[in-house]
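Remarks on the structure that follows.
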Amino acid sequence: MNRRIIFIFILSISLLPLSAQTPIQTEPRDTIFRSVAVWANLVGFGKLAFSDYGEYEAGVRVSIKDVFYPTVEVGVGKADHDDDVTGIHYDCSAPYFKIGCDYNMLKNKHDDCKVFAGIRYAFTSFKANISRPGLIDPAWGGTCDYKIDGTKCTQHWAEVVGGLDAKVWGPLHLGWTVRYLQRLAFSVDEIGNVWYVPGFGKSDTTGWNATFNITLQL
């Protein structure tokens, strides 16, 4: 019996250094600010290339525990349009700004793929140019040019956003969003409406928009 006790004691002492070297597995600390990402919208470039209006648009977002994503978006909207029916020419170029937050809807919040929903508040202040050459004068006859330069306009609107973001390689992510737009307020100096609103699209009280984003997550 004594020999067995001595053997167990010696074996325990010999294994003690091995157990001391075994690393303790711990869960990674769940920090509040997980990442910062910057992105550019490729759809706006496409619209500028193939139509008479579009946007240069980019944004930055911060990840809070991979759950909430406060977001700031900025862009420059441009239009250069000729109406085939009325012959009226319309052009403008101006910045716009959006601020909001997205919510990650996936159960696994730390997954490389994100499915999210969110809201935005958006604002732009711009000047529009409207012209119509060769307009017939109804009183005196002949023709005259109709032109309004730099009429001042402002618009506030809200957006409801849904989308997806997925990791492709390293810091590179690709994603898209679909957005429902609702005008909140609109004002204009001399005319009742304009053809295009930077960041909103063709002027209306509501609208739809989409983005395809290339993102670098830092």
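A few remarks follow.
- Cβ crowding within 10 Å averaged over residues, with 175-188, 113-126 ranked highest first: 113-126, 175-188
- Stokes-Einstein diffusion of the range 41-177 at 25 °C, 0.890 mPa s viscosity, Kirkwood radius from Cα pairs, rounded to a whole number: 137 µm²/s.
- Within-11-Å neighbourhood charge of residue 111 [Cβ basis; K, R +1; D, E -1]: +1
- In this simple spin-label approximation, residue 67 and residue 149 carry label points 7 Å from Cα along the Cα→Cβ vector, and these lie 5.6 nm apart.
- Distance between modelled label sites at residue 117 and residue 38, nm, 7 Å Cα→Cβ extension: 3.2 nm
- 15 Å beta-carbon shell around residue 215, net charge (K/R +1, D/E -1): -2
Since every read-out is calculated from the coordinates, none of them should be taken as a lab result. As the structure is a computational prediction, the values presented were derived from the model and not from experiment. For neighbour counting, all protein chains shown are included, and Cβ atoms are generated from backbone atoms with ideal geometry for every residue, glycine included.
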